[in-house]
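Notes to accompany the following structure.
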Amino acid sequence: MALKPVVLCLSRSGEAVAHRVAKTLGAVVHGREGRVDVADAFFPDALEHARTLFAAGTPIVGVCASGILIRAVAPLLADKRSEPPVVAVSDDGSVVVPLLGGHRGANRLAADIAEAIEAKAAVTTAGDVAMGVALDAPPAGYRLANPDDAKSVMAELLSGAKPCISGETIFDLQSDAAGAVSLTVSEAPVEGSDTTLVYHPQRFALGVGCARNADPEELWSLVEASLTEAGIAKGAIASVNSIDLKGDEPAMNEVARRLGVPLRLFTAAELEAEAARLANPSDVVFAEVGCHGVSEGSALAAAGGSSELVITKQKTANATCALARAADPIVEYAGRSRGRLSIIGIGPGQHSWRTPEASRLVSEAEELVGYGLYIDLLGPIAYGKTRSDFPLGGEEDRCRFALEQAAKGKNVALICSGDAGIYAMGALVFELLDRSPEDCGVSDAAHRVDVVSTPGVSALQGAAARAGAPLGHDFCAISLSDLLTPREDIVKRLHAAAEGDFVIAFYNPVSMRRRTLLAEARDILLKHRPADTPVMLASSLGRPEEHVRYRKLSELEVDEVDMLTVVLIGSSHSKLAQLGEGPRMYTPRGYARRIDGDLAETA
């Protein structure tokens, strides 16, 4: 499991068991507000919280009835190979039931919990029940080459067939030379089938080097040819490794992606420590990067002190590779990761508006950086992570800090409200990366981190959803803050949007000292659209204090707007209709005119 499980406790009757389970797993306890006395974090709604954790890929151990967890995650079920483990533990700690994720360690997790709290693990997976093994979940350090065939092989074993085991014995099964199915453990490439499962021990560390922006296909072809010549399976590779100066090389990252293993990086000093073991030390390489070998050195550093080179440096015009073999399968990775900065928009504040991808990236992050209120809005999923809170303002310092932390090899999440690419930190991150270090940019190491942007629900989308469909036709967004944009540019855009008859979303409409631009914008718009044009004012969207109201454009007053308010101004075609339980604002797309025209043409 990539993420630590979270233990959910829903009542005081299960509180003691929840804390015993958490201690066993080194996990945290999330407790239901008002129903649990002691927890690391609290949540108000059990179904929503379990759903959020599941969508983020977080393993869940619920000290509660199985049905609660089932109802929570049922709408999200899709692929059993990607779903995180979900385990239910009875309040009295007598029974542990793995509900989901048997293919990702749920049965093993349930067994560990049961052993620790002296309970019964109610495992129902056929292979685990009949034979105590899951053929598609080999021990750490081994990879199943043909997982699609596991079901048919398991079916044969359950029907009474015996396995013929070739190579290491990694499951507690007896081998039969005449067995109808085969379990083969091999470092070499072996063809699997619906009667043969092939497992590769991941004892090999691949070291690579390349020229700047080398063609990924050149490096991949070199790796493939080298492995083929040595008779080593791709599945036996545990990691791709190189010098930290090359962490952002597309070719290296693509090789790691194709092999399905992590890219690990080492400093020049760490690689130079392997100089005595290199087969092809190079003074030219040393003069260039500060060590006598990149591909051989990183392979040896990753495989450990007792490893040996099985493929010495192979090279093409722009790439090199080498391979080192460790005595045992590699389950802990040396070096560090490339570092990742996830730029995350969490929506206006309501956790159900946060996308599953955003929740997953938050769960994977080691450190959260952002305005303290926005991190608070993440709720329990932020618990246990390093927080670097920043006040309002100082946005450049915030982004710079996040990039430099990621440059240390950390997985960092920069937390923004709404969509991070709309009037938020996304643009500033890329602006800093586009500057040189001499031009107040960030360090060379920060330029090499993996930067990921994920979409969020913007304030204008949230406001529009509450209103009805005011953005049903052409619209634009304008920030009325002149802190970063010259006032004359804002006025020019107001005139253009007014003349274009756009629906307009105003961001940053007022502040304590900025009180005039919103009134000026209203007056400009009144020259181009009717006085009764509908206006929506939406404050604190998605939060308990949310407040939505409607006004006519001529009646828009500055004093009822604050920095937490999104102002939506309709076009000359927008309507405010009394429908159902209240007013609904919408902007027609013109379908009625098109239908009338079609009917007239037909007639």
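Since every read-out is calculated from the coordinates, none of them should be taken as a lab result. Predicted model only: the values in this text are computed from it and were never measured. Cβ sites come from the backbone with ideal geometry, for glycine too, and all protein chains shown count toward neighbours.
Listed values, structure above:
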| read-out | value |
| --- | --- |
| Packing rank of 546-557, 301-312, where each peptide gets the mean count of other beta carbons within 10 Å, highest leading | 301-312, 546-557 |
| Two-site FRET efficiency, VAL95 against ASP283, from Cβ-Cβ distance with R₀ of 56 Å, rounded to 0.05 | 0.25 |
| Shape category assigned to segment 329-451 from the gyration tensor of Cα positions, a/c cut at 1.5 | oblate |
| Rounded Å value of the spacing that divides the Cα centres of segment 204-267 and segment 449-478 | 40 Å |
| Shape of segment 6-124, Cα gyration tensor, a/c cut at 1.5 | oblate |
| Pairwise Cα inverse-distance average, inverted: Kirkwood Rh of segment 204-325 (Å) | 13.6 Å |
| Estimated distance in nm for a label pair at ARG549 and SER436, the labels positioned 7 Å out from Cα along Cα-to-Cβ | 5.5 nm |
| Net charge, LYS575 excluded, C-beta distance under 14 Å - Lys, Arg +1, Asp, Glu -1 | +3 |
| Efficiency of FRET from Cβ geometry, LEU526 and ASP482, R₀ 25 Å, rounded to 0.05 | 0.75 |
| Rounded if a/c under 1.5, otherwise prolate or oblate - segment 381-492, Cα gyration tensor axes | oblate |
| Lys, Arg +1 and Asp, Glu -1 on Cβ, resulting dipole of the chain about Cα centre, debye, nearest 20 | 1100 debye |
| Proportion of all alpha-carbon pairs of segment 142-201 beyond 17 Å (%) | 29 percent |
| Sum of side-chain charges, LEU259 neighbourhood, beta-carbon under 12 Å (Lys, Arg +1; Asp, Glu -1) | +2 |
| Cβ-placed point charges (K, R +1; D, E -1), dipole of segment 130-182 about Cα centre in debye, nearest 20 | 20 debye |
| Among the listed pairs LYS23/LYS234; LYS151/LYS410; LYS4/LYS315; LYS4/LYS120, those beyond 29 Å (Cα-Cα) | LYS23/LYS234; LYS151/LYS410; LYS4/LYS315 |
| Mean Cβ count within 10 Å, highest first, over the residues of peptides 432-445, 276-289, 8-21 | 8-21, 276-289, 432-445 |
| Nearest-20 debye value, segment 204-325 charge dipole, Cβ charges on Lys, Arg, Asp, Glu | 300 debye |
| Per-peptide average of other Cβ atoms within 10 Å, ordering 243-256, 525-538 highest first | 243-256, 525-538 |
| Cut-off 9 Å between beta-carbons: net charge of the residues surrounding ALA319, Lys and Arg +1, Asp and Glu -1 | -1 |
| Cα point-scatterer Debye curve for segment 463-586, base-10 log of I(q)/I(0) at q = 0.09, 0.15, 0.16, 0.18 Å⁻¹ | -0.22, -0.63, -0.72, -0.92 |
| Percent of beta bridges antiparallel (DSSP, segment 27-119, rounded to nearest 5) | 35 percent |
| Per residue convex hull volume, Cα atoms of the chain, in Å³ | 228 Å³ |
